[in-house]
Each structure stands twice: as structure tokens, then as C-alpha cells.
Amino acid sequence: MPEVIVRPSARILLVDDRDRVLLFHGLGMGEGSGHAWFTPGGGVADGETARQAAARELFEETGRRASPEDFGPVVATSSGHWRHNDGRLFLSQDSFFFLRTGGGEIDDSGMEDLERSMIDRSRWWSLPELRTTRDRIVPPALPGLLEELLAGAVPAEPVVLPWHHPEPPELRPETADVT
């Protein structure tokens, strides 16, 4: 079994006053990940809670301030393996928070250089647009989750979303060494 780096992350379902969710477009760091639209957020630093990471990432990536207490419960989770372009194997553990905000422009001047190099644009998406786009949306189950959240249905327990990367070959049961 190869060495696996566990990477918890805080992801933000940032919704404006017109019920649109903010997504970034860019190229993933994983092998063959391709371009996709994805939520703001990022890794949880050592000693940081997921809510603290969500507040920090929100400010870095959008210029909007929120305290960790402004983030309610984790509304969804997703986890799975992916291989970085440099060969390292990760196990991501994503926690999704739902947060309402005013609409408008975002200020991405606080993004790290790596983020800026991977993200080429941002956009506010309506639910009908998410449901009909041919573009890749991460997580793929976002439209259904967003529909429930916009209707005011915050889940009692986080919804478990399917992982969006194929398992690396060495972790697939049909190709794993069983000797």
C-alpha cells in the first residue's frame, strides 16, 4: 500500500441574495483531473478547525469576511483518494458549509500563488444553470444538495456526496495485489 497523505478540507457553498452559488473554474492538481467548476475552500491547517479554515479560505479567495461562528453545521461531506501530478497520493476529506452572502464581485487578491495559477475565472451559478450545464461540476451532486439547502432543509446529519475522482489503480479492488 503506498503512503497516503490525509488532507482535510473546508469547502464553502457561498450563495448570494439571488440564490446563486459561487464556483471557481480551473485545472485540478490531480493526474488527469481536467478542468472543472468547484466551490471555494481549501485545506485545514494544523491546529485549525474546519470552521476556522472555511473563514480563512473565504477571505483569501473572495475577500469576504465571516467569523467561524457564521458557518453553521457541516451540510455535506465527501472523501476519496487522488494522485497529485507529482505522484503523491492523497485522501481528501471534504467538509461543506452553506453560507449566504450578498452578490457582486469577488476580491481574489488574497489567493495564494498556487491557487491563482490553477483558477482562471469565477462565476455565480443559478440552480437551473447547474442542472443543465455540460461543464464538469465538483461535487457532481451539488445541484441536488443546493436545491435542498435553498428550500431551507438543512440536514440533521451531513449528506455524504460521492467522490469525484476515480480511485488510483493501486487502490482499486480489481487491480490491488491480493497475495
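From the helices alone, meaning DSSP H stretches of at least four residues, give me the mean residue ellipticity at 222 nm for the chain, per-run term -39500 (n - 2.57), in deg cm²/dmol to the nearest 500. All intermediate terms of the calculation are to be shown ahead of the outcome.
Working: 4 runs with 34 residues, N = 179.
For the chain, the value works out to -5000 deg cm²/dmol.
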For segment 4-171, calculate the relative contact order in percent as a whole number, restricting contacts to Cα pairs under 8 Å that are 6 or more residues apart. 31
Under 5 Å from the placed amide H of Trp37, counting only residues 5+ away or on other chains, we find Arg136, Ile137, Val138
Based on the Cβ-Cβ distance from Asn85 to Ala45, what FRET efficiency comes out when R0 is 22 Å, to the nearest 0.05? 0.50
Quick one: Karplus J couplings for segment 148-155, per residue in order, coefficients 6.51, -1.76, 1.60, θ = phi - 60°, nearest Hz, x for Gly and Pro? 5, 5, 5, 7, x, 8, 7, x
Using Cα pairs closer than 8 Å and at least 6 residues apart in sequence, work out the relative contact order for segment 1-85, in percent. 27
Select from segment 1-82 those trypsin sites (Lys or Arg not before Pro) which occupy a DSSP coil region and have at most 13 other Cβ atoms within 10 Å, ordered by residue number. Arg18, Arg65
What label, among (i) 46, 36, 33; (ii) 46, 46, 34; (iii) 56, 32, 32, belongs to Cα extents along the principal axes in Å computed from the structure on display? (iii)
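Bear in mind these aren't lab numbers, they're just calculated from the coordinates by the rules spelled out. These figures come from a predicted structure and were not determined experimentally. Note that each Cβ is placed from the backbone with ideal geometry, even for glycine, and that neighbours are counted across all protein chains shown.
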